[in-house]
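Notes follow once the structure below has been shown.
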Amino acid sequence: MEKHELKPARVVILISGGGTNLQTIIDQQEAGKLPITICAVISNRDDVQGIQRAQKHNIPVIVLEHNQFPSRESFDGRLQDIIDSQNPDIVVLAGFMRILTPDFTRHYEGKMINIHPSLLPHYQGLHTHRRVLEAGDLKHGATVHFVTAQLDGGPAIIQSSIEVEKSDSEESLKEKVLRQEHKIFPLAIRWLAEKRVVMREEKAFLDGEELAVGGVQFDKNEI
Ligand code: GAR
């Protein structure tokens, strides 16, 4: 079957915040640049801008507040039921700020991706911009990776780097890194939708080639 005859991949997007990455995905989908259908957006908070972004584009929104559940397992179990009811091909974590249980990550192995604001494997976890400034690093960036049980530790698909300037603050780094996120996230989603990128035995492959640690280096490649 030719690529353009492929059915659009069904995508569920999970958010916890402002949703600028969500917005980029919506915009690219609407512009015909992403072969996907966004089935639903799920937020674990009821007061975030990402919800309005989805509603404005008539995308169904489901709010599932984690603080209404007695345990991580019970929240993830319900979340899994809701996601599965959409029968998705791809699950996208677009600023979803939750540590996920191993059962949950295993269930979506190879079809769940996350974006993280650092050059993984460096700076897993929170406050990446602050930690980069404190360390005096000259480079920083963002990475899209498959989600595994290891927090921010699954195989990388693509990353993009920026120079850190002396004048940079946490806020300016956040903005600079977000601009890169908006370039690489749709690209990784497209590759996944087109089945060009796959995960096998905890490694990422693009067009059959195993990707190096960090994945494709966006800056250094004409794509
Ligand atoms: C992004 O910077 C994303 O990389 C980060 O949250 C932000 C969400 O922004 N995700 C993580 O830190 C996950 N560990 P957005 O809501 O504007 O897309």
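Computed quantities for the displayed model
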quantity: Cut-off 12 Å, label 7 Å out along Cα→Cβ of MET97, residues of region 119-159 by amide N; calculated: 126-128
quantity: Accessible area per residue, Å², region 9-135 with all protein chains present, probe 1.4 Å; calculated: 47 Å²
quantity: Sulfur and carbon atoms: percent of accessible area, the chain [1.4 Å]; calculated: 47 percent
quantity: Ellipticity estimate at 222 nm from DSSP helix runs (n ≥ 4, -39,500 (n - 2.57)) divided over the chain, nearest 500; calculated: -9500 deg cm²/dmol
quantity: Spin-label model distance (nm) - GLU209 vs ARG179, 7 Å beyond Cα toward Cβ; calculated: 2.8 nm
quantity: Accessible area expressed per residue, region 139-186, with surrounding protein chains retained (probe 1.4 Å, Å²); calculated: 41 Å²
quantity: Top of VAL144, VAL48, VAL91 by mean-square fluctuation, Gaussian network on the chain, Cα under 10 Å; calculated: VAL48
quantity: Gaussian network model of the chain, springs between alpha carbon atoms under 10 Å - residue of GLY17, GLY154, GLY136 with greatest fluctuation; calculated: GLY136
quantity: Cα-based reach from LYS166 at 26 Å (exclusive), listing lysines while leaving out same-chain residues under 8 positions away; calculated: LYS139, LYS174, LYS176, LYS183, LYS220
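The values are calculated or read from the model by the stated rules, or taken from the named source; none is laboratory data. From a predicted model like this one, the values you see are computed outputs, not experimental measurements. Methodologically, a virtual Cβ is constructed for each residue, glycine included, from the backbone with ideal geometry; neighbour enumeration extends over all protein chains shown. These accessible areas exclude ligands, DNA and RNA; they are computed on the full protein's heavy atoms, side chains included. Shrake-Rupley method; radii C 1.70, N 1.55, O 1.52, S 1.80 Å.
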